[in-house]
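*Asks:* Handing you a structure now.
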Amino acid sequence: MILAFAPETNGELAYRGYELMEKKVGLPLKDLAEGHRDARTTYKELQSQPRRLLTSPCWSGLMNDGRAYSAFTYNVERLVPWRTLTGRQQFYLDHEGYIAFGENLPTYKPVPPPAAYGDLKRSEETGRQTLELNYLTPHGKWHIHSTYGDTHRMMTLSRGCEPLWMNDEDAAAAGVFDNDWVEVYNDNGVVVTRAVVSARIPRGVCLQYHSPERTLGVPKSPLRGNRRAGGHNSLTRVRLKPVLMVGGYGQFTYHFNYWGPTGVNRDTFVRVRRLGKVDY
């Protein structure tokens, strides 16, 4: 049903979407979908191999003729207004909610201290070489979410699991060497995985790309009584910024399945320690 009703997988609906946008913005746009008006993607086809999405008015990237997705090419090349109150890119947001929270201009704000997150109230240090790091879970390095993450080739790229990336100086302070097993924990949960030690990661930060399936490469956790450790989201919890809930004013409108531009639920603090023995 989703594939049949989505303009990214049903060319006729993409064409109708551009027809609607032509009336809305007064620009010729149907040509973007005319070449694949009869295109359809079925679930059976997706089971056999990945498929390219169609260019769709729901998104701001143009992908015709094998072009890679790049945001806002729809607006720049076809002169379609941005989906803002002014139709332009905006840096100042005059909504009273954004002004009240000091979010009306994109200015630098320091990372809140660990105590403000409240995720380490019960999680004590387990030794002299336990690190306290800011934990992030960005989009995957080798995959899109969990898609095809457990194939042989993908596992070869990612060391057979979804590893934890750490700064080299932080790792040295904790006695962690590249490819060591580490235990990552806070009050919410625990992850056991390999460490990737890299100078490209800033000090004080560690990251695990999302979203690995919890189906393989998940050892037991000594800190949790030798129960099976969790996945990347075991360490996070849902947080909603108040400004992401404002609506009814220009582009400030709730959209299904999307609260806003920041992954505030994917930013927390954890403790990291080297794991000497791995038990499955």
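*Asks:* If we keep just the residues of the stretch 97-123 that are surrounded by 10 or more Cβ atoms within 10 Å (Cβ to Cβ) and among the charged types (D, E, K, R), which is modelled with the lowest pLDDT?
*Replies:* The qualifying residue modelled with the lowest pLDDT is GLU103.
*Asks:* Right, something else. For the stretch 127-192, give me every one of the strands (runs of 3 or more DSSP E) that falls completely inside it and has 2 or more residues that are in contact with a helix residue (DSSP H, G or I) (Cβ under 8 Å, 6 or more places away or on another chain), open to solvent by 40 Å² or more (accessible area, probe 1.4 Å) and at pLDDT 90 or above.
*Replies:* Details: elements: 131-136, 164-166, 181-185.
Ranges flagged: 131-136.
*Asks:* Let me ask another. Return the residues of the stretch 108-126 that are within 22 Å of the chain's Cα centre (by Cα) and either hydrophobic (A, V, I, L, M, F, W, C) or assigned to a helix (DSSP H, G or I) (or both); say none if nothing qualifies.
*Replies:* VAL111, PRO114, TYR117
*Asks:* Considering the stretch 47-81 alone, what residues qualify as being among the hydrophobic types (A, V, I, L, M, F, W, C), within 22 Å of the chain's Cα centre (by Cα) and open to solvent by 80 Å² or more (accessible area, probe 1.4 Å)?
*Replies:* LEU53, TRP59, PHE72
*Asks:* So which residues in the stretch 227-246 are open to solvent by 50 Å² or more (accessible area, probe 1.4 Å), farther than 16 Å from ASP187 by Cα and part of a helix (DSSP H, G or I), if there are any at all?
*Replies:* Those that are open to solvent by 50 Å² or more (accessible area, probe 1.4 Å), farther than 16 Å from ASP187 by Cα and part of a helix (DSSP H, G or I): PRO242, MET245.
The values are calculated or read from the model by the stated rules, or taken from the named source; none is laboratory data. Remember, predicted model here, so these are calculated numbers, not experimental data. Here the Cβ is made from the backbone with ideal geometry for all residues, glycine too, and neighbour counts use every protein chain on show. The accessibility values were calculated without ligands, DNA or RNA, using every heavy atom of the protein model including side chains. Shrake-Rupley method; radii C 1.70, N 1.55, O 1.52, S 1.80 Å.
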